[in-house]
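The structure appears below as structure tokens.
The values are calculated or read from the model by the stated rules, or taken from the named source; none is laboratory data. Values in this document were obtained by computation on a predicted structure and should not be read as measured data. Ideal geometry is used to build each Cβ from the backbone, glycine not excepted, and the neighbour counts take in all protein chains shown.
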Amino acid sequence: MIGVISNDSEQSIVEEFFQLFKTIWEPYQKNKFYDVVICTTEKIPYIKTKLLLIFSSEKTQFDIDNHLEINPQETNTILDNNGTVIPVYGKCIFFSNNQNPLIRYKVSEVPAGIKLINDDTVSLRLGYDLFTEILYALSNGQPTEYAQLPTVDIHIRLIRNWILEHGIILLEIPPVPKGYTFITCLTHDVDFVGIKQHGFGTTLWGFLYRATIGSLINYCRGRIPVQRLFKNLKAVILLPFVHLGIAKDFWIQFERYLIIESGLGATFFIVPFKNRAGRNLTGNAPSKRAVKYDIAEIEDYIKKIINSGAEIGLHGIDAWIDREQASKELERISKYNGEKKIGVRMHWLYFKNDSSKILEKAGFYYDSTYGYNETIGYLAGTVQAFCPPGTTKLLELSMHIQDTALFYPRRMDLNETEANKLVNKVLKNSLDYGGHLTINWHQRSLAPERLWDDYYNELLTKLKELNCWFACAKDAVGWFNKRRSVGFEKVEIKEKKQIYIEEYKVYNLKHVKTKTHKIFLH
């Protein structure tokens with residue numbers, strides 16, 4: 001068992017940390033022996049334990065007692081542990097002692113963590129504030145330069161490895177269902193339902209430019225094949241017939257998604273009201289944020305989506321900033337959804353520090369807004385669903401890969417080969433760390449002028465080969481809630497190959513024979 005000595009102000013983030021690192025722990029109790037003790041306070045009591053982990057960016061009594069020389073603090077540092085990069089967003093101190101280094105400052109290789117052995121206790125002294133780092137990632141988000149690093153999970157892995165390296169048995173429930181490598185949530189923001197609805201405004205003229213001149217430029221640059229150029233030109237020719245009602249509106253792609261995602265589960269985030277741009281932090285949002293469809297106008301598509309086993313969620317307008325509006329938007333989507341557990345992703349990813357609290361109070365089951373517009377990766381620094389600071393029930397199912405972030409000229413503007421290199425890094429993290437991978441492919445992205453359908457189909461094929469569990473967002477959140485509900489009441493290891501465990505609420509647990517004793521949730 002792990003005993004934790006932390007500051008009173010860290011209590012809630014400590015609890016959340018151990019929901020992510022799902023192992024046996026408790027607040028440190030005097031006169032009780034722990035195999036591992038994690039301490040983040042400056043004053044450290046005398047502790048008898050096998051492994052003591054001390055995290056602090058301040059000089060501690062432990063440093064004084066052990067004559068450790070401390071270098072001045074730095075902020076926003078990059079550390080290295082045998083090739084693993086660890087961003088530290090808060091303060092970090094470094095040690096002059098160069099014996100038994102654990103982690104080094106990447107630039108100068110000065111130790112930011114060292115190992116000391118006193119009697120029967122191994123002490124690992126780390127120069128950063130562990131729980132402050134976790135809180136920062138979950139609250140503020142990571143800068144884009146470190147977007148592809150699941151920093152929170154890297155911290156967990158470091159601690160896990162240190163425990164195992166010192167011969168201590170660790171019982172853990174990993175963040176992945178039994179028999180799978182990770183969870184994939186396919187999601188679709190529905191910003192447009194047909195090009196016909198947009199009349200002869202800026203949306204139409206933007207489409208015409210991108211489908212003709214833009215496509216020709218991209219073809220000449222080698223960014224799209226000639227077949228895609230011809231498809232876009234064909235769509236331009238068909239456009240008058242779409243407006244006359246003779247040809248099918250090629251921007252409506254619901255049924256095609258249901259075919260290519262058959263049996264995989266998906267989540268469509270629907271805007272509840274038409275012609276409402278909503279608000280931003282300074283006043284009214286730009287008028288172009290308003291959509292041209294109302295949920296009532298696509299009721300037939302919604303029925304097909306639900307009947308296929310896919311999910312309807314809210315693509316919120318003002319739910320992120322106004323509790324009353326959040327309730328109204330939830331009520332509207334519930335009318336067509338028929339579900340009690342409804343999730344939300346804000347249109348244009350609008351969000352602020354207390355948005356999670358607003359959404360929780362309004363009654364949403366989960367949020368999936370936390371992600372980047374300008375890149376792909378882990379804004380919260382984790383592959384896991386988590387409870388945002390200040391909330392108690394709402395889970396955040398972060399968005400990791402977004403089509404427009406990859407391919408939009410004003411964003412990363414990647415070609416498909418470049419996109420694959422970046423996406424493959426994210427897929428490797430999914431294989432390494434488990435958790436969930438949430439993908440956002442917009443409803444119109446299979447259609448001209450985007451035509452990102454081939455890339456999406458190839459991505460789905462790749463994911464199927466990786467043995468992930470495809471789940472609707474609400475089902476993935478349900479699994480994470482199930483894992484979070486596990487409580488260890490009594491654990492007794494009688495032999496290396498056997499674990500006897502008493503737990504509540506979750507059953508069907510199976511032991512996997514490794515040095516880390518893992519139990520998997522079905």
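Under 29 Å from the mean Cα position of the chain (by Cα), of a type in the set (V, I, T) and under 20 Å from G3 (Cβ atoms), is that true of I54?
Judged against the criteria, I54 is a match.
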*Residue by residue through the range 89-124, note down the ones that are under 32 Å from the mean Cα position of the chain (by Cα) and among the polar types (S, T, N, Q).*
S108
*What are the residues in the range 310-340 that are modelled with pLDDT under 95 and surrounded by fewer than 15 Cβ atoms within 10 Å (Cβ to Cβ), if any?*
K335, G338, K340
*For the range 132-167, what are the residues that are buried (at least 18 other Cβ atoms within 10 Å of the Cβ), closer than 21 Å to E15 by Cβ and small (G, A, S)?*
A137, G141
_Let me confirm something: among I358, I305, which residue is within 30 Å of L437 (Cβ to Cβ), outside the structural domain of Y136 (by TED's automatic domain parsing), assigned to a helix (DSSP H, G or I) and touching a strand residue (DSSP E or B) at 6+ places or on another chain (Cβ under 6 Å)?_
I305
*Of all residues in the range 84-101, count the ones that are at pLDDT 90 or above and either closer than 23 Å to L149 by Cα or among the small types (G, A, S) (or both).*
11
_Looking for something touching a Cys at 6+ places or on another chain (Cβ under 6 Å), surrounded by 18 or more Cβ atoms within 10 Å (Cβ to Cβ) and not β-branched (V, I, T) - is there at least one such residue anywhere in the range 87-96?_
no
*If you go through the range 354-383 one residue at a time, how many are closer than 19 Å to K341 by Cβ and touching a helix residue (DSSP H, G or I) at 6+ places or on another chain (Cβ under 8 Å)?*
11
*Failed criterion for R160 (all others in (1) among the basic types (K, R); (2) within 14 Å of N81 (Cα to Cα); (3) in a loop (DSSP other than H, G, I, E, B) hold)*: (3)
*Of S430, S445, which residue is small (G, A, S), part of a helix (DSSP H, G or I) and more than 16 Å from the chain's Cα centre (by Cα)?*
S445
*asked:* One residue is enough: does the range 464-474 have a residue meeting the conditions at pLDDT 95 or above, closer than 22 Å to D367 by Cβ and assigned to a helix (DSSP H, G or I)?
replied: yes
*Within the range 339-394, can you find the residues that are within 15 Å of T187 (Cα to Cα) and among the aliphatic types (A, V, I, L, M)?*
I342, V344, M346, L349, I376
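If only one of T49, T60, T75 is among the hydroxyl-bearing types (S, T, Y) and within 34 Å of the chain's Cα centre (by Cα), which one is it?
Answer to the check: T75.
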*Scan the range 218-238 for residues that are surrounded by 14 or more Cβ atoms within 10 Å (Cβ to Cβ) and assigned to a helix (DSSP H, G or I) and jot them down.*
N218, Y219, R228, L229, K231, N232, L233, A235, V236, L238
*Do you know which residues across the range 168-186 are under 17 Å from G3 (Cα atoms) and assigned to a loop (DSSP other than H, G, I, E, B)?*
I168, I169
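Just the residues that are hydroxyl-bearing (S, T, Y) and surrounded by fewer than 20 Cβ atoms within 10 Å (Cβ to Cβ), please, taken from the range 394-430.
Matches in the range 394-430: T404, Y408, T417.
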*So which of R256, R345, R276 is touching a helix residue (DSSP H, G or I) at 6+ places or on another chain (Cβ under 8 Å) and of a type outside the set (F, W, Y)?*
R256
*Inside the range 253-286, can you point out the residues that are in contact (Cβ under 8 Å) with a residue 60 or more places away in the chain, touching a Lys or Arg at 6+ places or on another chain (Cβ under 9 Å) and closer than 30 Å to A471 by Cβ?*
Q253, F254, L264, T267, F269, P272, G278
_With the structure loaded, tell me whether L204 is crowded, with 16+ Cβ neighbours inside 10 Å and out of contact with any Ser or Thr (no Cβ under 6 Å at 6 or more places or on another chain) or whether it fails that test._
no
